[in-house]
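Asks: Encoded as structure tokens, here's the structure I'll be asking about.
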Amino acid sequence: MRPVRRNFYDPSSAPGKGIVWEWENDNSSWTPYDMDICITIQNAYEKQHPWLDLSSLGFCYLIYFSSMSQMNRQTQRKRRLRRRMDLAYPLTMGSIPKSQSWPVGASTGQPCSCQQCLLVNSTRAASNAILASQRRKLYPGGAGTLPVRQSSTFAGGTLWPAGTGTAAGGVAKGETPRAPVGAFGRSQSAPSGAQLPGLNNLNRPGTQRGAGVSARAAVPPGVPALPVKNLNGTGPVHPALAGMTGILMCAAGLPVCLTRAPKPILHPPPVSKSDIKPVPGVSGICRKTKKKHLKKSKNPEDVVRRYIQKVKTPPDEDCTICMERLVTSSGYEGVLSHRGIKPELVGKLGKCGHMYHLLCLVAMYNNGNKDGSLQCPTCKAIYGEKTGTQPPGKMEFHLIPHSLPGYTDSKTIRIVYDIPTGIQGPEHPNPGKKFTARGFPRHCYLPDNEKGRKVLKLLIVAWDRRLIFTIGTSNTTGESDTVVWNEIHHKTEFGSNLTGHGYPDPNYLDNVLAELLAQGVSEATLKD
């Protein structure tokens with residue numbers, strides 16, 4: 001007697017239509033993808049996507065449908081791809097139960113030793129070890145025997161060995177005979193086809209074991225997963241702790257699966273120069289800022305008087321700059337003196353109506369960029385044209401023929417910021433000292449729709465006003481005197497949103513418009 005198991009698929013899915021996707025291995029024979037990958041590829045193919053990224057499934061490959069090829073993102077190696085439509089599966093009636101096994105396909109050719117074969121093979125072997133551990137609990141064998149499931153991935157003309165039974169309405173696969181535990185001595189290693197009890201297949205060679213951990217295999221229900229964000233030592237779970245936990249759980253007879261968090265997709269697939277186009281409705285493709293791009297203003301008293309109205313009878317409340325009462329003299333009396341401005345004079349800002357000592361407003365202005373603009377310290381209303389302290393650099397923007405998640409019907413606007421290292425100017429925290437510029441050029445992305453193009457135009461205005469970046473202390477690294485973002489958020493993750501700086505994010509465009517408005521960059525700016 002051999003146990004059999006079935007997988008059920010919807011008739012509208014790839015296996016339901018008899019479709020299987022295959023890639024060419026190193027022996028020039030064709031190897032089928034796992035069925036879940038086949039379904040993903042077929043869905044993208046039916047939607048007429050030009051390409052597909054398999055990173056979300058644990059594989060660093062790109063699928064190009066125009067050339068029917070697969071490219072490794074790391075090595076740039078390409079393999080041929082084909083789509084078969086002659087593998088129809090039997091139909092079944094009634095409700096579809098939950099899948100209980102690995103999908104089964106067909107394979108031709110000899111076993112391959114390439115990295116992709118090892119990756120898929122070792123992933124399935126790891127799953128086999130977990131299932132074998134569960135069977136030991138359910139069906140304890142007699143006389144010290146151990147049930148072992150044979151991993152026959154890429155094992156010749158057919159995927160599964162002879163003698164495999166078939167159940168109606170599905171695809172079946174069998175188990176190999178039980179192997180005695182006593183067959184291996186203490187100083188001997190087990191054959192490659194068998195797994196030692198309690199070790200969850202940890203005796204595999206290093207290459208296969210590493211591939212099995214990094215691949216996201218299908219874990220049977222009830223098997224606990226131990227997430228490890230970065231197995232290189234920078235994640236929240238230390239690799240040594242994760243490894244020891246896995247060994248202890250396996251020794252106790254508990255199945256465990258180490259999983260690696262998916263990596264963010266920061267950049268789109270390579271784009272040729274001929275595919276890069278100007279953004280419709282936006283003039284030019286580049287903006288540069290010079291060493292000094294600040295508007296020289298008149299003396300501080302004239303700037304303050306331009307935006308305030310004198311108050312003859314001020315209310316008995318605090319000035320929020322010096323925290324003295326408005327009915328008394330400014331707290332800057334004796335510290336700052338200007339001709340024509342008495343310490344007791346009070347003024348009201350024209351737009352918002354907030355009141356301050358005139359001498360306090362002059363002190364606040366002298367502490368800023370001195371660019372001729374004034375910002376209310378209470379409500380942040382801006383008077384005049386606010387400019388920042390962004391170092392000199394270059395901003396490029398163009399259209400690329402790829403879509404962002406959540407905007408599948410639109411192309412993508414790519415913005416490239418590039419700022420070199422330099423020396424801080426008089427408007428910076430430490431004039432005369434060198435500043436660093438880490439991570440440049442920085443790539444940012446917007447959807448190519450009406451609102452995305454509006455955001456781009458406003459970002460260009462903010463760039464011209466030196467508001468996108470500033471020099472300060474990095475929140476990420478803690479480094480001081482370095483170029484940092486200046487309160488206008490950008491999306492730097494192209495194909496995912498694992499860091500919070502990617503798509504889909506339905507509220508991002510509205511949020512960045514509000515951030516631009518807080519910097520004095522509004523739609524009214526575009527009409528001027």
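The values are calculated or read from the model by the stated rules, or taken from the named source; none is laboratory data. Note that the structure is a prediction, hence the values are computed from the model and not measured. Counting neighbours? That spans all protein chains shown, and the Cβs are built from the backbone with ideal geometry, glycine included. For accessibility, only protein heavy atoms count, side chains too; no ligands or nucleic acids. Shrake-Rupley method; radii C 1.70, N 1.55, O 1.52, S 1.80 Å.
Asks: Using a simple spin-label model with points 7 Å from Cα along the Cα→Cβ vector, what separation in nm is obtained for residue 312 and residue 51?
Replies: 7.2 nm
Asks: For the residue pair residue 273 and residue 335, what label-to-label distance in nm results when each label sits 7 Å from Cα along the Cα-to-beta-carbon direction?
Replies: 5.8 nm
Asks: Related question: Grab the eigenvalues of the alpha-carbon gyration tensor for the stretch 300-379, scale each by 5, take roots, and send me the semi-axes largest first in whole angstrom.
Replies: 17, 15, 12
Asks: Checking a compactness column here: for the stretch 15-85, what do you get for Rg(Cα) / (2.2 N^0.38 Å), N being the number of residues?
Replies: My calculation over the Cα atoms of the stretch 15-85 gives 1.02.
Asks: Using 1/(1 + (r/R0)^6) with R0 = 22 angstrom and r between the beta carbons of residue 348 and residue 517, what's the FRET efficiency to the nearest 0.05?
Replies: Step by step, r from the Cβ atoms, then E = 0.45.
Asks: Please give the solvent-accessible surface of residue 485 in Å², to the nearest 10, using a probe radius of 1.4 Å with every protein chain present.
Replies: 90 Å²
Asks: Oh, and also: Give a residue-ordered list of calculated ³J(HN,Hα) values for the stretch 475-491 (Karplus: 6.51 cos²θ - 1.76 cosθ + 1.60, θ = phi - 60°; whole Hz; x for Gly, Pro).
Replies: Once θ is set to phi - 60°, the couplings for the stretch 475-491 become 6, 7, 9, x, 6, 9, 6, 9, 6, 10, 5, 10, 6, 10, 6, 10, 9 Hz.
Asks: Now for a different question. Computed FRET efficiency, Cβ-Cβ of residue 80 and residue 263, R0 30 Å: what is it to the nearest 0.05?
Replies: E between residue 80 and residue 263, to the nearest 0.05, is 0.70.
Asks: How would you rank 385-398, 500-513, highest first, on the average number of other Cβ atoms within 10 Å across their residues?
Replies: Put in order of decreasing packing, that is 385-398, 500-513.
Asks: Using each residue's phi in the stretch 265-276, evaluate 6.51 cos²θ - 1.76 cosθ + 1.60 at θ = phi - 60° and report the 3J(HN,Hα) Karplus result to the nearest Hz, with x for Gly and Pro.
Replies: 9, 7, 10, x, x, x, 10, 6, 4, 5, 8, 7
Asks: In the structure displayed, which of 411/491; 17/411; 351/380 lie more than 20 Å apart, Cα to Cα?
Replies: 17/411
Asks: Over the stretch 399-528, what percent of the accessible surface lies on carbon and sulfur atoms, probe 1.4 Å?
Replies: Carbon plus sulfur share of accessible area: 49 percent.
Asks: How far apart, in nm, are two points set 7 Å out from the Cα along the Cα-to-Cβ line at residue 244 and at residue 72?
Replies: 3.5 nm
Asks: Report the rotationally averaged projected area of the stretch 360-501 based on its alpha-carbon convex hull, in square nanometres.
Replies: With every direction weighted equally, the projected area is 10.0 nm².
Asks: Mind grabbing the accessible area of residue 480 for me, 1.4 Å probe, Å², rounded to tens?
Replies: Result for residue 480: roughly 70 Å² accessible.
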